[in-house]
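The values are calculated or read from the model by the stated rules, or taken from the named source; none is laboratory data. Remember, it's a predicted structure, so these values are computed and weren't measured experimentally. Cβ: placed from backbone, ideal geometry, glycine included. Neighbour counts: every protein chain shown. With ligands, DNA and RNA removed, areas are computed over all heavy atoms of the protein, side chains included. Shrake-Rupley method; radii C 1.70, N 1.55, O 1.52, S 1.80 Å.
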2 protein chains.
Amino acid sequence: MRGFVQLKADTSSAEVSDWPEPLKDKILLEEIFPNETDVDADINWMAEPLTDAATRESNKNSMRVRMEMMIMKIQRDFCRALENEEDPRYKFLVDRWTRAEGGGGITCVLQDGTTFEKAGVNISVVHGKIPPQAVAQMNARGKKLPEGKEMPFFACGVSSVVHPRNPNIPTIHFNFRYFEVVESEEENRKRWWFGGGTDLTPYYLDKSDVKHFHQTFKNACDKHNDKFYSKFKAWCDDYFLIKHRGITRGVGGIFFDDLDTPDRESCFDFVKDCAEAVIPSYLPIVKKNREGPYGYSERQWQLIRRGHYAEFNLVYDRGTKFGLYTPGARYESILMSLPLHAKWEYMNKVIEGSREAKLTEVLKNPREWID
Amino acid sequence: MRGFVQLKADTSSAEVSDWPEPLKDKILLEEIFPNETDVDADINWMAEPLTDAATRESNKNSMRVRMEMMIMKIQRDFCRALENEEDPRYKFLVDRWTRAEGGGGITCVLQDGTTFEKAGVNISVVHGKIPPQAVAQMNARGKKLPEGKEMPFFACGVSSVVHPRNPNIPTIHFNFRYFEVVESEEENRKRWWFGGGTDLTPYYLDKSDVKHFHQTFKNACDKHNDKFYSKFKAWCDDYFLIKHRGITRGVGGIFFDDLDTPDRESCFDFVKDCAEAVIPSYLPIVKKNREGPYGYSERQWQLIRRGHYAEFNLVYDRGTKFGLYTPGARYESILMSLPLHAKWEYMNKVIEGSREAKLTEVLKNPREWID
């Protein structure tokens with residue numbers, strides 16, 4: 001499944017002209033894909049899609065297939081963009097897996113590289129009967145699905161976490177997903193929604209990087225609804241909160257769930273624009289900071305913060321918890337989000353006025369990044 | 001609060017004569033406390049008890065005070081026993097804390113030592129109104145307490161996790177606790193129970209060590225009820241299960257909860273005997289393996305297994321979850337159980353027939369250790 005020809009990336013949502021200084025002009029998507037050839041996109045994925053070619057062809061206008069194709073492309077583009085920043089000896093390992101109950105996934109992991117200590121980019125396309133605890137969880141956030149009933153469902157999404165080696169480069173996470181539940185097969189009553197988001201976890205605060213990250217997603221949001229960015233930015237700060245420590249996981253970004261208005265087409269376009277904004281939001285930050293100097297104490301702080309990251313994912317993250325509690329789930333794919341190394345030191349204290357303290361201040365009091 | 005005179009430990013439950021070969025005669029508690037002086041026990045704790053001297057004196061026969069005194073002694077004895085195995089430059093840090101709602105705790109941590117990478121020994125003595133989610137959790141395991149009512153409670157316990165440096169030495173955990181809830185103040189209706197347990201997490205399997213550990217607690221159990229060991233051993237295997245991986249956290253030990261028969265005095269005696277069995281169960285294993293050779297690959301396996309340990313504690317452990325979800329809880333004390341370093345490697349595989357595989361086999365299929 002390796003060795004696919006690299007395709008030209010769609011730059012329509014890259015919005016290079018909107019990037020703030022000093023990041024403007026630092027990256028163009030074309031740079032990432034210098035050997036672009038305009039061949040059939042189908043052969044450029046990380047692995048064979050989960051849905052077979054005949055089904056894809058006969059349902060090519062369905063949202064299920066369009067979303068699957070979209071996340072396949074996002075996975076490929078992001079993996080290639082990261083490999084482009086990496087020592088060529090290190091490549092993404094690709095694991096394509098299927099599950100007995102229906103569907104499967106493609107897990108791509110690059111581990112112990114020079115630029116990236118651990119990077120995972122997963123897609124999953126699953127269907128079957130929805131587990132009762134999933135219905136309870138959805139209803140707990142107001143979905144009002146009938147309980148105690150075996151409902152067919154379909155879910156697909158792309159999910160990624162990148163933990164770079166250099167503490168001057170932040171960790172990024174993103175996830176975009178589409179969900180369908182058949183509430184009543186007799187009445188053909190179907191519910192669907194989109195969810196997703198992305199957030200940045202720096203080890204040291206570089207305001208221009210954080211502004212660039214937020215601005216890129218604000219631009220994607222603003223194309224669709226001028227209330228989206230402020231609503232989804234606040235939701236993100238709220239969601240990625242490590243409650244017991246009273247700090248956020250990072251400096252936020254956007255987060256949304258249960259998106260089903262105004263119509264499916266508009267929602268899809270919005271999610272696609274957000275997913276395509278990931279590379280331009282993050283790659284300039286990688287390029288800018290990859291040679292930044294650091295030493296033992298910066299590495300220790302990075303490890304402590306990676307412990308906080310693991311805590312959030314294992315204690316609070318809905319996706320991780322739901323995954324781990326689902327019998328037969330592929331835990332290796334779920335746990336790819338955990339850092340390669342983490343450290344828990346009793347009573348680790350940051351020194352007043354230090355760069356660590358400056359970051360902690362922002363984690364305690366989330367700020368607005370766009371004027 | 002440092003520099004207390006070391007007291008002679010009570011060896012009545014040490015049962016040295018029952019230890020299996022080759023551990024017999026390797027340790028005597030007297031060795032740990034060579035400078036014993038028979039002074040007032042009150043000044044030999046790690047810090048001042050949470051309950052003040054006047055209250056202790058006027059309630060000295062109450063179970064609350066007796067249990068508090070018992071766990072204070074266990075904490076002191078275990079900390080001193082560990083320090084006795086450590087480079088004298090490394091000592092337990094002692095943090096005594098109180099909480100606004102009532103009570104507090106004493107957290108003792110020795111970090112980044114020569115023998116011990118991280119060791120925590122905590123006691124807590126708390127009282128106040130029981131949080132509703134705690135009542136729900138207790139009732140979920142069959143306690144039948146009235147819900148939706150603010151009930152006064154008292155809880156005290158000792159809890160410890162020791163992560164040694166050398167992968168030839170297993171990690172140990174133990175916890176012993178006493179709980180009281182006033183169901184009805186008007187009718188003076190009080191419920192009480194004890195809980196606790198201890199389990200061993202080796203990185204490499206040494207059957208004689210595991211047998212010694214289990215035998216020590218079987219001896220403590222058998223003094224009280226000949227069904228306790230087999231029941232609490234099975235409960236331990238069941239409780240310390242990392243469900244998503246299909247492996248236990250370690251090679252087990254004993255675990256029990258809601259112990260309230262035949263009477264409070266007998267329960268206390270049992271819990272005290274178990275708590276006093278910890279040093280003789282573990283110290284010989286430390287002494288035997290502390291000089292065992294190891295290299296890079298053993299350290300990597302230890303880090304991977306420490307990742308599993310962190311997963312269990314953050315995802316499944318009732319005490320940790322309850323603690324982290326309690327507003328105002330002292331998270332530094334709760335998270336002392338996490339290892340100093342942990343590693344998560346995507347698709348880490350053990351080589352067939354290796355020592356890592358032999359341990360994994362036992363984690364997948366818990367065994368009986370006593371003939």
For residues that are surrounded by fewer than 21 Cβ atoms within 10 Å (Cβ to Cβ) and of a type in the set (F, W, Y), tally how many sit in the range B:63-92. 1
Give me the residue from the range A:344-365 that is of a type in the set (A, V, I, L, M) and in a loop (DSSP other than H, G, I, E, B) and, out of that set, surrounded by the most Cβ atoms within 10 Å (Cβ to Cβ). A:V350
Scan (1) of a type outside the set (F, W, Y); (2) at pLDDT below 95; (3) assigned to a loop (DSSP other than H, G, I, E, B) for the single condition A:V126 breaks and write down its number. (3)
Any residue at all in the range B:100-116 that's farther than 30 Å from B:R290 by Cα, modelled with pLDDT of 90 or more, open to solvent by 50 Å² or more (accessible area, probe 1.4 Å) and assigned to a strand (DSSP E or B)? no
Could you list, in sequence order, the residues of the range B:246-264 that are open to solvent by 20 Å² or more (accessible area, probe 1.4 Å), more than 30 Å from A:P327 (Cβ to Cβ) and touching a helix residue (DSSP H, G or I) at 6+ places or on another chain (Cβ under 9 Å)? B:D260, B:T261, B:R264
Which condition number does A:Q133 fail, the rest of (1) open to solvent by 10 Å² or more (accessible area, probe 1.4 Å); (2) away from chain B (no Cβ under 14 Å); (3) at pLDDT below 90 being met? (2)
Within the range B:85-92, identify whether any single residue is closer than 30 Å to B:P284 by Cα, assigned to a strand (DSSP E or B) and within 14 Å of another protein chain (Cβ to nearest Cβ), and answer yes or no. no
Single residue of the range B:280-320 satisfying the filter (within 14 Å of another protein chain (Cβ to nearest Cβ) and open to solvent by 60 Å² or more (accessible area, probe 1.4 Å)) that is farthest from B:E356 (Cα to Cα): B:R318
Based on this model, can you work out whether A:G148 counts as surrounded by fewer than 21 Cβ atoms within 10 Å (Cβ to Cβ), assigned to a strand (DSSP E or B) and without any contact (Cβ under 8 Å) to a residue 40 or more places away in the chain? no
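Yes or no: A:R96 outside any loop (DSSP other than H, G, I, E, B), open to solvent by less than 10 Å² (accessible area, probe 1.4 Å) and not hydrophobic (A, V, I, L, M, F, W, C)?
Numbers: outside any loop (DSSP other than H, G, I, E, B): yes; open to solvent by less than 10 Å² (accessible area, probe 1.4 Å): no; not hydrophobic (A, V, I, L, M, F, W, C): yes.
Here the answer is no, as A:R96 does not meet what is asked.
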Number of the exception - B:S17 against (1) at pLDDT below 95; (2) within 26 Å of A:M347 (Cβ to Cβ); (3) assigned to a helix (DSSP H, G or I): (2)
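Kindly indicate which of A:K231, A:K243, A:K227 is under 30 Å from A:V350 (Cα atoms) and surrounded by fewer than 22 Cβ atoms within 10 Å (Cβ to Cβ). Quick ask: steps written out before the conclusion?
Working: A:K231 fails: under 30 Å from A:V350 (Cα atoms); A:K227 fails: under 30 Å from A:V350 (Cα atoms).
That would be A:K243, the only listed residue that is under 30 Å from A:V350 (Cα atoms) and surrounded by fewer than 22 Cβ atoms within 10 Å (Cβ to Cβ).
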What tally of residues in the range A:189-224 results from selecting those that are part of a strand (DSSP E or B), within 21 Å of A:S354 (Cα to Cα) and in contact with a Lys or Arg (Cβ under 9 Å, 6 or more places away or on another chain)? 1
